[in-house]
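The values are calculated or read from the model by the stated rules, or taken from the named source; none is laboratory data. What you see is a predicted model; the values in this text were computed from it and never measured. Glycine gets a Cβ as well: all are built from the backbone with ideal geometry, and neighbour counts include every protein chain shown. Only protein heavy atoms, including side chains, enter the accessible area calculation; ligands, DNA and RNA are left aside. Shrake-Rupley method; radii C 1.70, N 1.55, O 1.52, S 1.80 Å.
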Amino acid sequence: MEPIILASSSQRRQEIFKQLGIPYMVVMPEIDEVYPEDLSFEKVPEFLASKKIKAAMKMLPQGQTVPWIFAADTLIFKDNKVYGKPESKEQAIEFLKELQNGTHTVITAIALFNGKINYLSTRTSVNKVTFTALSEKEIQWYIETGEWHGVAGAYRIQGMASCFITHIEGTQSSIIGLPIFEFYDILKEQGYSLID
């Protein structure tokens, strides 16, 4: 299998690549995560994932053949408010208070660049997550786990936050940040086989 450049620092995405047996190299492109104001929330992750691919391409040595490059982006929103990565413990508490006892939307987009044919392909997965009502004590307990660090919405579905989730509409892998079916489908479409 040919190696894929993974334009992401996400440990979870790296774990999924390992599970699937895909050789990869990590690059961490710095992008300004700004998007056009008139872009719908559903389109933002695709826009940012594509932006990461372009930034990763610029990081490669000049003259190098651009191989496969993969990027992903996840956006969480509820009631027209976007929940990014909390900047402080206080903001993480605020996020959890607003997400508890309700349903929010988690959108993950993936982008794969095929250097052989100079083609960028994308897929988007839309999911809904419902949290139970949380007490102040439960929120404080969760914050103390430290899982809120560096993740959109201040929670990790694959961690202790699963104690609070009553319903998922969609797939857990997409909410974690790499929808495995869509990833497999995009690889297959581009002729990158996991089973040969």
Practice task
Please enumerate the residues belonging to segment 172-184 that are in contact with a Lys or Arg (Cβ under 7 Å, 6 or more places away or on another chain) and part of a helix (DSSP H, G or I).
Solution key: ILE176, GLU182
Practice task
Specify the residue that is surrounded by the most Cβ atoms within 10 Å (Cβ to Cβ); the eligible residues are those in segment 38-66 that are closer than 24 Å to SER125 by Cα and among the basic types (Lys, Arg).
Solution key: LYS52
Problem - Sole residue being touching a residue at least 40 places away in the same chain (Cβ under 8 Å), open to solvent by less than 10 Å² (accessible area, probe 1.4 Å) and either over 27 Å from VAL34 (Cβ atoms) or not small (Gly, Ala, Ser) (or both), chosen from THR108, THR74, THR124 - result: THR108
Exercise for the section: Would you be able to tell me the number of residues in segment 160-171 that are of a type in the set (A, V, I, L, M) and part of a helix (DSSP H, G or I)? Expected result: 2
Handout entry: Evaluation of GLU2 against (1) surrounded by 14 or more Cβ atoms within 10 Å (Cβ to Cβ); (2) of a type outside the set (A, V, I, L, M); (3) over 23 Å from GLY150 (Cβ atoms) (one fails), failing number
Key = (1)
Exercise for the section: Go through segment 128-169 and count every residue that is out of contact with any strand residue (DSSP E or B) (no Cβ under 8 Å at 6 or more places or on another chain), exposed (fewer than 13 other Cβ atoms within 10 Å of the Cβ) and of a type in the set (Val, Ile, Thr). Expected result: 0
Exercise for the section: Could you check how many residues of segment 13-37 are under 13 Å from GLY177 (Cα atoms) and loosely packed, with under 15 Cβ neighbours inside 10 Å? Expected result: 1
Handout entry: Residue that is farthest from TYR119 (Cα to Cα), among those in segment 37-54 that are aliphatic (A, V, I, L, M) and touching an Asp or Glu at 6+ places or on another chain (Cβ under 7 Å)
Key = LEU48
